[in-house]
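The values are calculated or read from the model by the stated rules, or taken from the named source; none is laboratory data. Just so you know, these numbers come straight off a predicted model, no measurement behind them. Using ideal geometry, Cβ is built from the backbone for each residue, glycine included, and neighbour counts are taken over all protein chains shown.
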Amino acid sequence: MRYCRNCKTFVKPEDHFSLFWFIVLMIPFFLFLWLIYLIYCINKDKGHICPMCGSETSKYKPLELSHPEKDDAVFLNQFVKAKQAARIQQSSTKKMKICSYCGDSIDEDLKYCHYCGSKQ
């Protein structure tokens, strides 16, 4: 029995679960769940084995290496074709002359070559 100062009588207090004991009991529960999740995360990417060869598999496909020599040749071929097409188009619309220093075709009325900068 306890004395209630508000009622000024002796009463039997109700039992209640305090927040402190709730937190004390919940911490081990959440630690246990966290530990299970941690074990799951560590082991989720292990154990995937290829049925064909028996080696361990990965989640992502490795990047394929390109052939720079082949890519450069294709780029150079496209660049040359584009430059030839531009020369054909220019020669049909404007009068052109050949630079005496670099050998590139330039407009007939230009005083300086815009490729090499020499005076014409």
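Against the criterion of being surrounded by fewer than 10 Cβ atoms within 10 Å (Cβ to Cβ), under 42 Å from the mean Cα position of the chain (by Cα) and at pLDDT 70 or above, Ser66 does not qualify. Candidates in the range 97-106 are the residues that are out of contact with any His (no Cβ under 7 Å at 6 or more places or on another chain), modelled with pLDDT of 80 or more and of a type in the set (A, V, I, L, M, F, W, C); of these, the one that is surrounded by the fewest Cβ atoms within 10 Å (Cβ to Cβ) is Ile98.
Taking the criterion of being at negative phi, in a loop (DSSP other than H, G, I, E, B) and modelled with pLDDT of 75 or more, would at least one residue in the range 85-96 satisfy it? Looking for residues that are at negative phi, in a loop (DSSP other than H, G, I, E, B) and modelled with pLDDT of 75 or more, one finds at least one in the range 85-96, hence yes.
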